[in-house]
Amino acid sequence: MAKTKILIFIDWFLPGYKAGGPVRSMANMVEYLKEEYDFYIITRDTDYTETKPYEGIESNTWIHFQPGVRVFYADSEHQSRAIFKKLIDEVMPNVAYINGVYSWKFSLLPMMICKKAALNKVIVATRGMLAQSAIDVKGGKKKLFLMLVKLLGLYKNVVCHATNSSEEQDIRAVLGVRTKVCIADNLPKKNLPEKKAIDKHKGELKLVSLARIAPEKNTLFALERLASLEDFEGSISFDLYGQIYNKDYWAQCQSVIHQLPANISVSYKGTVAAEQVGKTLQQYHALYMPTRGENFGHVILESLSAGRPVLISDQTPWRELEKDKSGWDLSLKFEPPIPIEGRQKPEVLYGWSQVLNRLLCMKQEELDSWCKGARNRAEEFVNNEGLSEAYRRLLLTP
């Protein structure tokens with residue numbers, strides 16, 4: 001019996017990694033299901049923010065990426081209606097799976113072509129883009145676009161892929177209560193990294209963030225919470241990995257960095273290849289990322305898998321972390337004054353400062369217990385057999 005053909009449109013795919021979560025989501029889905037389905041992926045021949053094509057990969061032809069997986073790396077001239085229609089006619093897919101909402105070339109154009117081709121099923125993964133926190137970034141243009149999309153009925157007869165019930169609510173709030181939605185949580189990497197301990201002494205704290213330097217990732221908030229710490233003995237280092245695509249925002253971050261006391265150091269480290277994320281995280285005591293919102297948060301799971309607790313906001317699906325000693329998920333609602341340039345120091349240190357101080361004061365035995373809790377939380381998630389089954393339901397044709 002012939003396998004079901006799944007045609008995927010995504011702006012960036014492996015070996016790219018700079019676009020973060022969506023690339024990882026697709027790579028994991030394909031890895032889990034490639035023996036059951038034939039995947040055909042159409043993507044750019046460059047990584048996020050790059051103009052140079054991937055080295056060693058031929059553009060504009062189907063590449064045998066893995067058994068059961070073929071990828072078409074399109075250059076700019078081949079990202080067109082005519083080419084996409086030709087590829088759809090060649091593949092004759094049973095299901096089209098489209099990543100994202102706002103991309104003209106890899107979201108909107110493919111969706112219109114696929115709907116016109118009358119495929120059995122068209123799925124759109126909104127990737128958290130319809131959450132209010134995401135819409136508020138460049139909100140004017142996005143709100144106008146979404147209003148037009150709803151008015152034109154562009155998502156009629158399309159199935160939206162949500163990773164949790166919260167995202168399902170976001171989708172229906174924007175596109176209408178009758179929108180078809182199927183929930184399937186993101187699939188994790190199949191193999192967890194080898195366990196690795198890290199030395200911890202009281203008064204020493206190594207923090208890391210692996211995320212875009214951007215308002216939605218709340219990098220500035222993270223730095224301001226460090227600035228709000230009262231006098232303490234010891235040292236804190238905070239290393240930032242990720243793309244800088246908003247130079248004005250980075251300038252604000254640098255302004256805070258330059259005013260931090262000498263015993264708090266912040267370094268920008270560039271980007272990390274996907275296969276190095278786990279090993280990189282294991283060089284630190286904790287992931288520190290007070291994001292404004294994640295519909296999943298792959299790097300959070302990566303940190304837990306690497307056996308490192310996380311200090312994150314309550315705007316992700318990773319909740320009640322402190323119960324199983326895997327980390328802390330704190331509110332962003334209260335932001336105390338910033339004690340820099342002579343401003344008045346806050347009288348009460350809020351949760352972020354308290355947790356940072358607690359991490360700083362931890363000794364080896366206590367941190368080890370939190371690292372163990374983090375790993376246990378990851379193993380519990382990865383070993384959930386219901387995750388793959390949810391994708392089979394999502395990809396099921398009528």
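Just so it is clear, none of the values below were taken in a lab; they were calculated from the coordinates. All values reported here derive from a predicted model rather than from experimental measurement. When we count neighbours, we look across all protein chains shown, and the Cβ atoms used for this are built from the backbone with ideal geometry, even at glycine.
Here are a few things to note about the model shown:
- With the simple model of a label 7 Å out from the Cα in the direction of the Cβ, Thr49 to Lys279 spans 2.3 nm.
- For a straight C-alpha distance cut-off of 17 angstrom, the lysines reachable from Lys333 (same-chain residues fewer than eight places away being disregarded) are Lys217.
- Inter-centroid distance (Cα atoms) of the range 240-299 relative to the range 112-164, Å: 30
- Sites Glu365 and Ser265, calculated FRET efficiency, Cβ-Cβ separation with R0 25 Å, nearest 0.05: 0.45
- Only one item in [x] 0.97; [y] 1.03; [z] 0.92 matches Cα Rg over 2.2 N^0.38 Å derived from the coordinates shown, and that item is [y].
- For the chain, the relative contact order works out to 14 percent when only alpha carbon pairs closer than 8 Å and six or more residues apart are counted.
- Stretchable slack from Lys5 to Tyr245, in nm (0.36 nm times residue separation minus alpha-carbon distance): 82.8 nm
- Farthest toward the positive end of the dipole of the chain, out of Thr219, Ile42, Ala96, is the Cα of Ala96, where the dipole comes from beta carbon charges about the Cα centre.
- Helix 247-258 and the longest principal axis of the Cα set of the chain meet at an angle near 20°.
- Between Lys190 and Val137, the FRET efficiency estimated from the beta carbon spacing at R0 = 25 angstrom works out to 0.15.
- For the range 204-382, the relative contact order works out to 24 percent when only alpha carbon pairs closer than 8 Å and six or more residues apart are counted.
- Most mobile of His258, His298, His78 in a GNM of the chain (Cα contacts under 10 Å): His258
- Across the range 274-330, the mean sequence separation of Cα contacts (distance under 8 Å, 6 or more residues apart), normalised by length, yields a relative contact order of 33 percent.
- Remark: the Ala118-Ile63 segment gains 17.2 nm on full extension, using 0.36 nm per residue and subtracting the alpha carbon distance.
- Computed [θ] at 222 nm, helices only, for the chain once each DSSP H run of length n ≥ 4 contributes -39500 (n - 2.57): -10000 deg cm²/dmol
- Listed residues Asn94, Asn384, Asn28, most fluctuating in the chain (Gaussian network, C-alpha, under 10 Å): Asn384
- Space enclosed by the convex hull of the alpha-carbon atoms of the range 204-382, per residue, Å³: 112
- Across Arg319, Arg178, Arg375, mean-square fluctuation computed from a Gaussian network of the chain (C-alpha pairs under 10 Å connected) peaks at Arg178.
- Using only Cα coordinates, the Kirkwood hydrodynamic radius of the range 1-60 works out to 12.4 Å.
- Spatially proximal lysines relative to Lys200 (Cα-Cα < 18 Å; intrachain offsets below 8 disregarded): Lys279, Lys325, Lys363, Lys372
- Label point 7 Å beyond Cα of Ser80 along Cβ direction - residues of the range 97-124 with amide nitrogen under 17 Å: 105-106, 109-110, 113
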